[in-house]
Amino acid sequence: MQNREPRKEDLIKGATGDWEIVLGLEVHAQVTSKSKLFSGASTEFGAEPNTQVSLVDAAMPGMLPVINRYCVEQAVKTGLGLKAQINLRSVFDRKNYFYPDLPQGYQISQFKNPIVGEGVVLLDMPGGRTVTVGIERLHLEQDAGKSLHDQSPTMSHVDLNRSGVALMEIVSKPDMRSAEEARAYVTKLRTILRYLGTCDGNMEEGSLRADVNVSVRRPGGPLGTRCEMTNVNSIRFIGQAIEYEARRQIEILEEGGKIAQETRLFDPKDGETRSMRSKEEAHDYRYFPDPDLLPLVLAQADVDRIAASLPELPDEKKARLMSDYALSAYDATVLVGEKATADYYEAVVKDGSKTRDPKLAANWVTVELFGMLNREGHSIETSPVSAKQLAELVDLISDGTISGRIAKQIFDSMYKTGRSASEIVEKDGLRQVTDSGAIEAAIDAVMAANPDKVEQAKAKPALAAWFVGQVMKSTSGKANPQVVNEILARKLGLSSEG
Ligand code: MN
């Protein structure tokens, strides 16, 4: 993938020609687990500082880490979800550095022998384009505590609640070529993790953080020197950081300068990146195997058992929705973005052996329902309109009881009052008028009142639309538009397409 042909749309124009961005991401994903990687302390978010700290997490002398089997299974599950190599033997190493929120003086991580090797993530880009991003590895490691600098004017405080929480560091290959692809990668990775239930993907709570490696080069040329932006915690910021950083590097190179390999910090306040530490100051972590922990050896049977328990993942679900319901790639991609959305859609479209119009159902879920949920600040899980209720509305449209236009009005009322679609139709008298006699009478009335417009429309068929509007108005939107069009075309002497 690294040498895929550069796309014109991805290139950035500089003063001296085009440039290509090369991106690789390291994502830290917090493992969904009640207790920490090597201790039984709770991992729950939002607790009082230093209330979830065992002797191991506080690095008391003589403490001994004990591996959490569940965290290991979660890492294996994630590896399988990334179609990756599972390494039956992996090793925990000590990564040594000093920091006030790291009482051990080292982080237990995996260096030479990670639990998961090479895998792959597919990105669904606009226009049906697919980008394959290679996964280099996934390893398990401890999170550090948190330094708090805003609690006192003279002191810094340390909260060790996060100390020892299990993280999966997921390292991609440098296979992305635009901010858009990097955003799509984090979005897709998050979706996969949430389907698997191995990380909640909550970026505001820090459950998913990305280190972004950015370099630029002449299209297809040798790789440039990269800078790493650490701990970017929103998908929007990832895009902004990349765009700013690529521009900065291009400017330096075009003025004849060199890129210094360094770690930079993205500041969302001013949208800029700033140097944190250069390579010269880079840590030598002195990795060595942790003498307190034996190599982690998995049985193939356990890996097979976990593999058999995997849920249907987004790529497979998308392919199935496209083949079962003839949905477009676009609709299917939108629907599988969250498992709850896909479940909701399938509950609308399928009812025992009965299948509703899949495209109609998809539009109602992704356009009308999503639009309303966004406006009202709800999620699909808290939607006031259940899948069953929406299915009833779709049925009323499909069998011609109501028009698509009236359906939107009914949906609005369903959402706000909790009443069912059929109840609203009956009580509010919203049944569609398909009786051609009644529609013809309405058309005749409009034509009789506007003889000049009739003459104009006969000469210029596009003006017939005005009559359709008037008839819909006089029938409170209940006339079947198709029947109106047909009768109107006949009366004006136009083809029925007029
Ligand atoms: Mn790490």
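Any idea how many residues of the stretch 412-432 are among the hydroxyl-bearing types (Ser, Thr, Tyr) and either touching a Gly at 6+ places or on another chain (Cβ under 8 Å) or part of a loop (DSSP other than H, G, I, E, B) (or both)? Here the count works out to 1.
When the stretch 179-225 is filtered for residues that are within 20 Å of Leu123 (Cα to Cα), in a loop (DSSP other than H, G, I, E, B) and within 16 Å of the ligand (Cβ to nearest atom), only Cys199 remains.
Between Val133, Val165, the distinction of being away from the ligand (no atom under 14 Å from the Cβ), open to solvent by less than 40 Å² (accessible area, probe 1.4 Å) and either on the phi < 0 side of the Ramachandran plot or more than 31 Å from the chain's Cα centre (by Cα) (or both) belongs to Val133 only.
The set of residues from the stretch 297-319 being under 23 Å from the mean Cα position of the chain (by Cα) and buried (at least 16 other Cβ atoms within 10 Å of the Cβ) comprises Leu313, Pro314, Asp315, Lys317, Lys318. Across the stretch 414-426, the number of residues qualifying as buried (at least 17 other Cβ atoms within 10 Å of the Cβ) and within 13 Å of Met372 (Cα to Cα) comes to 2.
For the stretch 110-128, how many residues meet the condition of being touching an Asp or Glu at 6+ places or on another chain (Cβ under 8 Å) and crowded, with 20+ Cβ neighbours inside 10 Å? Final tally of qualifying residues: 2. Might you check whether a residue that is touching a Pro at 6+ places or on another chain (Cβ under 9 Å) and small (Gly, Ala, Ser) occurs anywhere in the stretch 109-118? No, that holds for no residue.
Pairs are defined by a Cβ separation below 7 Å, a sequence spacing of at least 6 or placement on different chains, a first member in the stretch 97-117 that is in contact (Cβ under 8 Å) with a residue 40 or more places away in the chain and within 15 Å of Arg286 (Cβ to Cβ), and a second member that is among the charged types (D, E, K, R) and away from the ligand (no atom under 14 Å from the Cβ); the pairs so defined are Ile108/Asp290. Hey, does the stretch 464-483 have a residue that's outside any helix (DSSP H, G or I) and over 20 Å from Val425 (Cα atoms)? No, the stretch 464-483 contains no residue that is outside any helix (DSSP H, G or I) and over 20 Å from Val425 (Cα atoms). For the stretch 20-45, a residue qualifies if it is in contact (Cβ under 8 Å) with a residue 60 or more places away in the chain and assigned to a loop (DSSP other than H, G, I, E, B), and the qualifying residues are Val31, Thr32, Ser33, Lys36, Leu37, Phe38, Ser39, Ala41, Thr43, Phe45. The set of residues in the stretch 136-162 being open to solvent by 70 Å² or more (accessible area, probe 1.4 Å), within 16 Å of the ligand (Cβ to nearest atom) and assigned to a strand (DSSP E or B) consists of Glu136, Lys146. Scanning the stretch 68-123 for residues that are within 14 Å of the ligand (Cβ to nearest atom), modelled with pLDDT of 95 or more, farther than 17 Å from Leu298 by Cβ and in a loop (DSSP other than H, G, I, E, B) yields a total of 2. Cβ separations smaller than 6 Å between residues 6+ apart or across chains give the following pairs from the stretch 128-141 residues that are free of Cβ contacts under 8 Å to residues at least 24 places away in the same chain and of a type in the set (S, T, N, Q) to residues that are more than 16 Å from the ligand (Cβ to nearest atom) and not in a loop (DSSP other than H, G, I, E, B): Thr130/Leu122. Within the stretch 1-35, the set of residues being within 16 Å of the ligand (Cβ to nearest atom) and open to solvent by less than 20 Å² (accessible area, probe 1.4 Å) comprises Gly24, Leu25, Val27, Ala29, Val31.
Report whether or not Val116 is β-branched (Val, Ile, Thr) and under 23 Å from Asn202 (Cβ atoms). For Val116, the condition - β-branched (Val, Ile, Thr) and under 23 Å from Asn202 (Cβ atoms) - is met. Here is the figure for the stretch 47-79: residues that are open to solvent by 70 Å² or more (accessible area, probe 1.4 Å) and on the phi > 0 side of the Ramachandran plot total 2.
The values are calculated or read from the model by the stated rules, or taken from the named source; none is laboratory data. Computed from a predicted model, the values in this text were never measured in an experiment. Don't worry about glycine lacking a Cβ; one is built from the backbone with ideal geometry, like all the others, and counts go over all protein chains shown. Heavy atoms of the whole protein, side chains included, go into the accessibility calculation; ligands, DNA and RNA do not. Shrake-Rupley method; radii C 1.70, N 1.55, O 1.52, S 1.80 Å.
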